[in-house]
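Q: My questions all concern the structure below.
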Amino acid sequence: MAENFDLKLYKGKMNKAHEAYLRDLSTLRTGRANSSMLDLIRADVYGQKMPINQLATVSAPESRLITVQVWDSNNVNLIDSAIRKSNLGINPQIDGQMLRLPIPSLTEERRGELKKSMKEISEKSKVSIRNIRREGKDELKKLLEKKNISEDENKKFEKEIQTITDSSIAEIEKILEKKEKEIMSV
């Protein structure tokens, strides 16, 4: 009878929330050059907002430098202004169709801001995972009311959903703690 409830579906959703969390964390500037730092920045070109990696080749040839090789010379200034307006605190240097983005060392103030941003991202991800758990429990409740599953199956699935939720949240906490140590080390 329990074939009406798909535990793998909720586990998959939690994994996707976890992947989104990792992607969001990778966009933060941590003092080391990383081309994914520019992933969330959109430049207003061709009448719409487009990600920089669709307008240029982004690479990190050195640990303190990101280069952006813009394909269309008309977009150089637009990409430059989009990067300057972002909250990354990076000032691009224009060299023809190439933008050089030197990554400055993190100040103590910036480290605190990053830590705060990371906690916000982590909390958002935890809420997302808890919402997935609630969604699963709601489905279980409906199946129980329709008598598609027994009380014992309901309790078993609730326990499994809770276990998956706890492990997902613990993983987020572990990643946050590691990232905070990385940022706070000089």
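Q: Roughly how far apart, in whole Å, are the Cα centres of region 95-133 and region 148-179?
A: If you average the Cα positions of each part, the centres end up 26 Å apart.
Q: Moving to a separate point now. Which length gain, in nm to one decimal place, applies between Lys8 and Gln54 when the Cα-Cα distance is subtracted from 0.36 nm times their residue separation? If you can, show how the numbers build up before the last one.
A: On the way: separation 46, 0.36 × 46 = 16.56 nm, distance 3.41 nm.
Contour length minus the Cα-Cα distance gives 13.2 nm.
Q: Indicate the helices, whole DSSP H runs only, in the chain that combine a mean Kyte-Doolittle hydropathy of 0.5 or more with a Cα extent along their long axis of 20 angstrom or more. Can you show the working numbers first?
A: Numbers: long enough: 7-26 (29 Å, -0.85); 108-145 (55 Å, -1.52); 151-184 (49 Å, -1.13).
Length and hydropathy pass: none found.
Q: Sum -39500 (n - 2.57) across every DSSP H segment of at least 4 residues in the chain, then divide by the residue count to get the 222 nm mean residue ellipticity, nearest 500. It would help to have the intermediate numbers written out before the result.
A: Details: 4 runs with 102 residues, N = 186.
My calculation for the chain gives -19500 deg cm²/dmol from helical runs alone.
Q: So between Ser26 and Asn87, what do we pick up on full extension, going 0.36 nm a residue minus the alpha carbon distance?
A: 20.5 nm
Q: Per q in 0.11 Å⁻¹, report the Debye log10 I(q)/I(0) for region 10-118, using one uniform scatterer on each alpha carbon and no solvent.
A: Reported log10 I(q)/I(0), two decimals: -0.38.
Q: If you don't mind, there's one more thing I want to ask. How large is log10 I(q)/I(0) at q = 0.17 Å⁻¹ when the Debye formula is applied to the Cα atoms of region 57-112, each weighted equally and without solvent?
A: For region 57-112, the Cα-only Debye profile gives -0.55.
Q: Same structure, new question: Test of understanding: what is the full-extension gain from Asp152 to Glu113, defined as 0.36 nm times their sequence separation minus their Cα-Cα distance? Could the numbers behind the result be given before it?
A: Details: separation 39, 0.36 × 39 = 14.04 nm, distance 4.75 nm.
Extra length available between Asp152 and Glu113 comes to 9.3 nm.
Q: Could you work out the Kirkwood radius for the chain, taking every pair of different alpha carbons, averaging 1/r and inverting it, reported in Å?
A: Numbers: mean 1/r = 0.0522 Å⁻¹.
Computed over Cα pairs of the chain, the Kirkwood hydrodynamic radius comes out at 19.1 Å.
Since every read-out is calculated from the coordinates, none of them should be taken as a lab result. Computed from a predicted model, the values in this text were never measured in an experiment.
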